[in-house]
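These notes concern the structure reproduced below.
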Amino acid sequence: MIQSIDLYAIAPPLILALAAGLVLLLDAFLPRRPYSRPLLGGVTLAGVLGALGAVVAQALRTGAPLRTFCVPEGLAGSSRPGLIPSGAMGGGPPAGDLPAIAAGPSCSFVVDGFTLVFAGLALAAGIVVVLLSMAEISFGADVPAGEWHFLLLCVLTGAVVLPAARDLITLVVALELVSLPVFALTALRRYDGRASEAAVKLFLVSVVSTAVMLFGVSLLYGVTGTVHLDRLAQALRQYTPWSGVDPVPPAESPQAYASSLQISHDLPPVLTVAMVLVLAGFAFKVAAVPFHAWAADVYQGAPVPVAALLSVVSKAAGFAGLILILVAALPAQAALWVPIIAIVAALTMTAGNLLALRQRHAVRLLAWSSVAQSGYILAPLGVQTREAANASIAYLVFYAAMNLGAFAVVMLVSRRDGQEGIDGYRGLAFRSPAAGLSLVFFLICLAGLPPGLAGLFAKIVVFREIVDGGGAWLVTVMAVNTVIGLYYYATWAARILTPAPAPAPAPAPAPVPARAPAAGGTADTADTATEGVVTEDAATGAPGATRAASGAARGGPGSAAGWLPVGVAIALSGIAAVAFSAAPQAVLDLVPGFLIASR
């Protein structure tokens with residue numbers, strides 16, 4: 001069998017993969033010069049921009065969705081008989097409540113509205129992460145630039161492929177392509193025990209989640225005999241969740257349930273277990289309760305760009321896969337998975353907000369805040385409405401701009417001022433007005449308060465969808481959690497806007513008796529004077545004085561080259577958040593109608 005490949009359809013991930021290969025080659029052959037690291041960062045940024053341009057070009061075209069890697073129509077059915085015979089199960093939701101199954105071949109890669117929104121989100125966030133990565137690499141001489149940018153491009157490649165996946169194999173491979181490089185990125189900072197610990201925790205959690213999800217995927221394949229999502233939906237369309245009563249075979253097909261496996265009794269529990277296992281696997285990926293405990297430690301131990309990558313790009317990929325499985329493959333089983341999602345969403349937002357209340361470390365607070373935001377994104381999927389997925393996607397787009405901006409400012413403050421605790425942000429708006437006011441705006445957006453209207457509109461979209469779906473109790477839980485989140489966001493913002501107390505005057509240094517310099521004594525005297533300056537800076541407690549001085553000497557934290565990418569990242573995130581606050585309808589217009597093409 002020969003398949004035709006549409007290169008235009010796979011252009012975005014192809015550009016990213018080629019850029020990753022180019023970065024490896026340049027890293028291997030470029031001489032170790034000061035320009036080599038910025039050059040590798042520039043190549044990475046150009047690759048991400050090129051892929052984003054391809055996504056925009058695909059979005060501007062008209063016509064049917066692009067499809068490739070398709071199985072010929074004659075082979076589109078199951079390759080072997082599944083456990084569900086055709087027409088064996090009666091009942092199920094009305095045909096009008098499910099996405100239609102179009103005639104034609106089943107395809108593994110489809111570029112439709114759903115794909116374009118998630119690919120654009122991942123690449124736009126990727127630009128900010130690349131900028132933060134360029135700053136991180138310039139700060140630390142022990143970070144290998146080539147490996148860092150290569151792994152980052154691999155993550156973005158998986159994040160672009162995953163929303164286009166329309167079969168279980170492609171879905172799992174793309175999800176692992178998003179997850180596996182993050183382990184190495186987390187531990188790539190050498191001689192950092194906290195980063196190594198975070199990488200091990202992330203590795204163990206991801207391996208367990210992958211194993212659980214693969215078990216569920218294998219059960220789905222065993223039940224239906226197919227890996228394509230549209231064929232899964234077609235095979236399960238006639239099946240409703242098991243009520244404990246065996247169905248009666250139709251009179252016209254008395255042998256429909258004749259099987260040595262006793263399908264009529266054993267199939268429903270198997271299918272239920274498969275769905276629960278798949279949901280559990282994705283719950284690990286998006287840090288949903290009860291698989292959320294890893295988030296704070298990993299975010300704190302990882303470099304800040306990696307934490308931002310996990311909180312937006314990796315989370316978006318996880319939600320893309322989850323929505324594909326639920327809406328494209330298991331729409332007929334909504335009565336089974338909707339209550340599970342609703343309960344998980346309520347527990348996730350509650351646990352995330354309550355744990356964030358106790359945090360005094362900036363990155364840990366953002367980590368638990370990110371867990372709570374996962375609950376808000378899951379909430380619309382906990383009601384049975386056709387537009388639930390669209391509300392989740394819209395909230396995810398709003399959230400990405402706000403959270404990336406917050407992480408960018410946190411990186412700026414931690415590197416420049418050496419402050420990682422919340423108390424260290426006191427008076428930031430007076431020390432650095434641009435950074436302080438930017439962080440206040442991002443926090444207000446996350447809280448959903450004016451003038452940060454992006455967060456407010458995001459929550460309104462979710463509230464409206466839950467109310468339309470009849471989830472009164474879920475709306476109540478989300479409203480309470482919104483108030484809880486408002487407290488710690490407002491507390492952090494208040495610290496930023498509060499003037500810092502004046503430092504106590506440093507005691508005068510004891511006089512040092514003069515001594516006549518011997519031969520070569522000029523250098524010794526200069527060294528002694530230099531040591532005195534550094535000691536005095538450290539004694540005064542000026543935030544980051546010694547760090548900035550040493551960084552400037554080696555072209556690191558104190559240099560303009562190191563801070564420029566962070567400033568650009570903050571500016572881009574701020575522009576996006578302001579645009580979303582001023583024109584939220586632009587985001588809502590990105591997700592019109594039922595996005596996921598059935599094939």
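The values are calculated or read from the model by the stated rules, or taken from the named source; none is laboratory data. Keep in mind that what you see is a predicted model, and the values were worked out from it rather than measured. FYI the Cβ positions are ideal-geometry reconstructions off the backbone, even for glycines, and counts take in every protein chain you see. Just so you know, the surface numbers come from the protein's heavy atoms only, side chains and all, with ligands and any DNA or RNA stripped out. Shrake-Rupley method; radii C 1.70, N 1.55, O 1.52, S 1.80 Å.
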(request) Kindly list the residues of the stretch 133-175 that lie in the label zone of L25, defined by a backbone N under 20 Å from the point 7 Å along the Cα-to-C-beta vector. (result) 145-155, 157
(message) If the reach is capped at under 30 angstrom between alpha carbons, list the lysines near K201, excluding any in the same chain fewer than eight residues apart.
(response) K285, K315
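In whole percent, how big is the carbon plus sulfur part of the accessible area of the stretch 312-439, probe 1.4 Å, protein atoms only? Intermediate values should be presented prior to the final figure.
Numbers: 1870 of 3030 Å².
Carbon and sulfur atoms account for 62 percent of the accessible area of the stretch 312-439.
Under the 0.36 nm per residue contour assumption, what length would be gained going from the current alpha-carbon distance of D6 and A335 to full extension? Mind showing how you got there, number by number?
Working: separation 329, 0.36 × 329 = 118.44 nm, distance 3.74 nm.
Roughly 114.7 nm would be gained on extension.
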(request) Could I have the simple spin-label model distance between E176 and I460, label points 7 Å from Cα toward Cβ, reported in nm to one decimal? (result) 4.5 nm
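Multiply the residue separation of A184 and T272 by 0.36 nm, subtract the distance between their alpha-carbon atoms, and state the gained length in nm to one decimal.
28.2 nm is the gain from fully extending A184 to T272.
Just to confirm, what accessible area per residue do you get for the stretch 122-240 at 1.4 Å probe, in whole Å²?
Here the residues of the stretch 122-240 average 30 Å² of exposed surface.
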(request) Calculate the tail of P(r) for the stretch 138-242: the fraction of all Cα-Cα distances greater than 17 Å, expressed in %. (result) 64 percent
